[in-house]
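Notes to accompany the following structure.
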Amino acid sequence: MPRGVSRGVVALLLSCTLLLTTAACNDDTKGTGAAATPSATASFEQQKLAKTRFVANAGLAAGATYQWIVKPYRAGTFKKGADGRTLALVKAGLAGAFTYNRLKAALNNAKGDPLLSKAVAPLTAGIESLKELGTKLRKGEVGDADVGAFENVINSVKDAGKSAGAEVVDQVPSTSQLSGGS
């Protein structure tokens, strides 16, 4: 038998043996119709990862907001006739959409931790209000209230995370992350 085929056969046999062994060992629920339930350890790990993921997603949202929306707005880059205005507006639009996406992901992550879930729940409406602001930024129709809305939501998410023991630190995403590259 060629070497590649023999390795495949051996791998298949080992996989079947492992499958049959674990099936035989887990025969204690036979006939009860009980479904497998997650263990306490899996639940704990899921909650721990939920907090970590929340911090990462909220940090990326905060970093994108500050770097590509707040900072250029305060510098006057969004004003008509400003140098680099078009590129700044495109980046701000991408950052707005990215921020909304990461905040939605952070909300989903928060559901895995009871304390964090309670702290973040009231912010859902504020995050939803950011949905259309990315397009508004890209078109150059942004004002103080729009930039303020991003800042307020980000600060609220940071405060909620901090109160639940998940302090959010700004993390500036790369341009490829903004455009959906990774």
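Laid out as a table, the results:
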quantity	calculated
Helices (runs of 4 or more DSSP H) contained entirely in the stretch 1-99, each with at least 3 residues that are modelled with pLDDT under 50	3-25
The listed residue being surrounded by 14 or more Cβ atoms within 10 Å (Cβ to Cβ) and either in contact (Cβ under 8 Å) with a residue 60 or more places away in the chain or of a type in the set (Ser, Thr, Tyr) (or both), out of Ala58, Ala119	Ala58
Residues of the stretch 146-176 satisfying the condition of being farther than 16 Å from Gly63 by Cα and either open to solvent by 80 Å² or more (accessible area, probe 1.4 Å) or among the acidic types (Asp, Glu) (or both)	Asp146, Lys162, Ser163
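The values are calculated or read from the model by the stated rules, or taken from the named source; none is laboratory data. Owing to the predicted nature of the structure, the values given are computational and were not obtained by experimental measurement. Virtual Cβ from ideal backbone geometry, glycine too; neighbours counted across all protein chains shown. Keep in mind that these areas ignore ligands, DNA and RNA; they rest on the heavy atoms of the full protein, side chains included. Shrake-Rupley method; radii C 1.70, N 1.55, O 1.52, S 1.80 Å.
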